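*Asks:* Below you will find the structure I want to go over with you.
Here, each number is a calculation from the coordinates, and none is a lab measurement. These numbers were taken from a predicted model, which means no experiment stands behind them.
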Amino acid sequence: MTKTEKQPRQRIELKFPAELLKRVEEYQDENAIGTRAETIYELIRKGLNAK
């Protein structure tokens, strides 16, 4: 399935330390990513692919 195809999603609630959330938002701005959720998905994918 490609990145643009709709995938089933489950809602979860996460609490982030303020400094970590700040870094996520900086990454979002630097990479012109539309939403915080998309940013978090991308960062998780990159981390998982790095192993």
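*Asks:* Any chance you could give the angle, 0 to 90 degrees and rounded to 10, that helix 36-49 forms with the longest Cα principal axis of the chain?
*Replies:* 70 degrees
*Asks:* Then there's this: Hey, what angle do you get for helix 18-30 against the long axis of the chain, alpha-carbon based, 0 to 90 degrees rounded to 10?
*Replies:* On a 0 to 90 degree scale, this one is about 60.
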